[in-house]
Every structure is written in structure tokens, then in C-alpha cells.
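Here is the structure we will look at, set down as C-alpha cells.
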Amino acid sequence: MSVSSSTRPRRLLPPVPDRALAENVTAAFTDAFDAAPQGVWIAPGRANIIGEHVDYVGGRVVPFALPYATAVAVRIRSDDVVRCTSTGPQQDWIGRAGDVGPGTPSGWAGYAAGVLWAMAYHESIARMPGADIAVTSTVPQGAGLSSSAALECAVALAVAELSGVATDDAGRAVLARDCATAENVVVGAATGLMDQSVSLRARRGHAMVLDCADGTVEHVAVDDVNPDLALMVINTNSPHRLVQGDYGRCRTLVEQACARVDREVLDGATEVDVQDVVDLATLGAHHLRRPLRHVLTEVRRVHAAVGRLRAADLAAVGPLLSASHRSLRDDLGVSSVELDSAVEAALGAGALGARMIGGGFGGSVLALVDAADTATVAEAVLRRAHDDGLPRPRFLAADCAAAARRVY
Ligand code: GLA
């Protein structure tokens, strides 16, 4: 699938080629540290076709890597000093390996230094090394597109390659776990494993069906087999924040609700009367009814979507996207005015399906559209945001990109 340049909305954020990102981050490294890095690694942000708020309870998710990425230039040091610099507005951070741990450093450096800590914690590497790390990124921050996972994964891949740690798919699954630990423990955001897994394990042109119960993946072709369709990411420019507590509260409810049902019912393939299961499982716990209904219906939508994707019928996934959005909005309560507005405008302008993606409470929408309609849909979304007095959305290319990689 591709969006021809004539049908691309004019305001599409252009992906930056790996080479240009690498040059940019190498220059930042040299400026900051007065030496050359040992290499440059790039890891992508992600979108998610379907399977939201189910990764941390062992559900299946269907994310894909975006052509927007974070690049890191890295040099491992012989001492224990860690220095992080960024081409963005973020402050540089300098510390020692011993300074890094749960809650420190706070801010963006927690993601980079946190990965070094987590790799040592899980014994993927013998000890936490000192390192100089420069960062640049084209993944919009706070847009629900996993800019933090992209940073973690780029650092993890760099350290793994420089330390002789396996980076085949099995090795990358381990690195994804290490990155999630960095985010959960050092940064303190209780996220699941979806974002790091897709950033490290995706395949170009494909969506990745990840079974979060056992970590297995299946790559389903999306781009080439659906040439007339386009996936479009709409960044509503209303930032989400995973560490502020909404996500964690939601996760706790979902986990409590899921603990009340059998594993087979949660796998999405078992036929059940969802409402019956919900009624029975949440007797005396009314507040768990809606979270449970979201999970039970979402895993069933994932099951249906995977079947349609395997049959190369992306168009038939459209109604499942819209149903997923309604569930996230009405049952889980993680949508926002901006997200609802973008979804409604896209559907009103002929999108085959649309939904909020990621943790929610702001961020981005994924819309499935006829490739010929991308400009019309984009205009409708812009007009609606303007009429509703909301921030101006931006549009991103959503071709399925490659996983994290070394540039040089
Ligand atoms: C965020 C988290 C993921 C996942 C999604 C919701 O992106 O990082 O682990 O839980 O929210 O599906």
C-alpha cells in the first residue's frame, strides 16, 4: 500500500531518510563529546491496527512500525560515566552508572540510561557500562506513537551490538523485555510490551501480530496486498502522558477485571456470550464491568481482524477499527474530545474505519481510507478541529516500516 504524492495531504510530516538522521545525530555527538561515536542505530515509532489495552493482560495486538524514528549515536566508555545529549529542547544529563535506578534519572534521560540499567539488571550484559549517547528523533513526542519506546530500543540495540549480545529475533524479544523494564522501573510508567516489541521486531510492509502471552509474532503483509487503501495517522496535537497516572489506573482496573475470567475466555477465539461472562465475573464489582467488556470484545475484534488480514482483506478490518474506538471511548473511557473529533470527521468523510491508538487520553488516531480519499479525509479532519476550537492536527505517513537497525 502506498499513498501517492498527489493524494498525500499537503501537511504530511515527511519521514527523514536514515542517512540524514544518522548525519544529524553524529554531528550532535561530535559537538557534545568531541569524539566520534562507534555507530548509529535507529528505532521506529509505531501505530497499532488493533488490540488496545490488552497487551499487559496477555492479549494479541497488531502494531506496525512507522517511518518515523529515533536515532542514537553511541560510544561505550571504559569508565562508569553516562552522558546523554539530544538535538531537541531536552537538557543534557550526566551521571554515573550507580546513579541510575528506579526513578532516576527523571525525564528523558531515564529512557536512555534506564535501558543500560535494565540490561544489566536482567543480566543481558555483565554490568551497566558508562556510555556517551546522542539522540535525535522524528517521532512526534506525546503523540501516542511510542517516541519513548523508539529511544529505548535504539539504545538497547546499540548496546547489544557493541557488547556482542544476540540481536536476532529471539535476542530482540529479550531486548524488548529489557526496554519495558527500563520504562516500568526507571521511568515509572507501567506500560506493556507492545511498543518495544514492534520497534525491535517489525517487518517492512507488514503488520506484526504479537501474542503478548508468549511473545510469538506473525508478520502479515499489509502494504503491497492492499494497493488501493491507505492507513493514515492523525496526530491530534493533544499530548498524552503515560506517567501521570491515568494509564496506570486504567491498567489496574483491566488487570483486576481479567483476573476474574478464565484464560481461554481471554484468548479471543473462544465463542462466549460476552455480556453473560461480564455479568457473572463482576458480581459485586460493578466498576470492573466496562473494563472487562472492553477487553473481551477487543480480543474478539483482534481475532476477527487477524483473519481478515491473513486473507489480505484490509478493507474488512475498517468496521473493527471503529468498533474498537467506541469500546475504548465508552467502556474504557480512555479517549478524548480531540480523538473523538478526529475519528468522527474521518468517518464522516468516508474513512473505512478509524480509532484512537496507544494508551489514550490524547495522542493519535489511525484511519483506514481509500488511497484516493486521503486528502479529502485530511481536509475534513482539519475543518472539524478548527470548528471545534481544537489544536490543529498533523498527518503522518503510515506505511509499515522496518524494525530497529544499525545505520553504520
Ligand atoms: C501504550 C503502552 C502499551 C499499550 C498501549 C495500549 O502505548 O505503552 O504497552 O498498553 O498503551 O494498548
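The values are calculated or read from the model by the stated rules, or taken from the named source; none is laboratory data. Bear in mind the structure is a predicted one, so any value in this text is a computation, not a measurement. All Cβ positions, even for glycine, are placed from backbone atoms using ideal geometry, and neighbour counts span all protein chains on display.
Mind listing whichever residues of the stretch 65-87 are part of a strand (DSSP E or B) and out of contact with any Pro (no Cβ under 9 Å at 6 or more places or on another chain)?
Within the stretch 65-87, Ala71, Val81, Arg83, Thr85, Ser86 meet the criteria.
Could you please find all residues in the stretch 279-298 being part of a helix (DSSP H, G or I) and surrounded by fewer than 24 Cβ atoms within 10 Å (Cβ to Cβ)?
Hits for the stretch 279-298 are Asp279, Leu280, Ala281, His286, His287, Leu288, Arg289, Arg290, Arg293, Thr297.
Looking at the stretch 303-408, what helices (runs of 4 or more DSSP H) fall wholly within it and have at least 2 residues that are touching a Ser or Thr at 6+ places or on another chain (Cβ under 6 Å)?
So the answer is 337-348, 374-387.
Looking at the stretch 213-228, I want the residues that are within 17 Å of Phe64 (Cβ to Cβ) and have a partner that is among the acidic types (Asp, Glu) with Cβ atoms under 7 Å, at least 6 apart or on another chain. Which pairs are those?
Listed by first residue and then by second, the contacts come to Asp223/Asp399.
Mind checking which residues of the stretch 192-221 are outside any strand (DSSP E or B) and crowded, with 24+ Cβ neighbours inside 10 Å?
Met194, Asp195, Gln196, Ser197, Val198, Ser199, Leu200, Ala202
I need every pair where a residue in the stretch 358-375 that is farther than 16 Å from Gly333 by Cα and assigned by the TED database to the domain that holds Ala342 has its Cβ under 8 Å from the Cβ of a residue that is within 14 Å of the ligand (Cβ to nearest atom) and assigned to a loop (DSSP other than H, G, I, E, B), sequence separation at least 6 or different chains.
Every condition considered, the pairs that remain are Leu366/Ile49.
Being away from the ligand (no atom under 16 Å from the Cβ), in a helix (DSSP H, G or I) and β-branched (Val, Ile, Thr) is true for just one of Val159, Val165, Val115, Val135. Which residue is that?
Val159
Taking the criterion of being hydrophobic (A, V, I, L, M, F, W, C), in contact (Cβ under 8 Å) with a residue 24 or more places away in the chain and over 16 Å from Thr70 (Cβ atoms), would at least one residue in the stretch 195-203 satisfy it?
no
Would you confirm whether or not the stretch 199-219 contains a residue that is within 17 Å of the chain's Cα centre (by Cα) and within 25 Å of Ala109 (Cβ to Cβ)?
yes
Quick one: which of Arg172, Arg260 is farther than 27 Å from Gly362 by Cα and part of a helix (DSSP H, G or I)?
Arg172
Test Val225 against the stated conditions and say whether it is modelled with pLDDT under 95 and aliphatic (A, V, I, L, M).
yes
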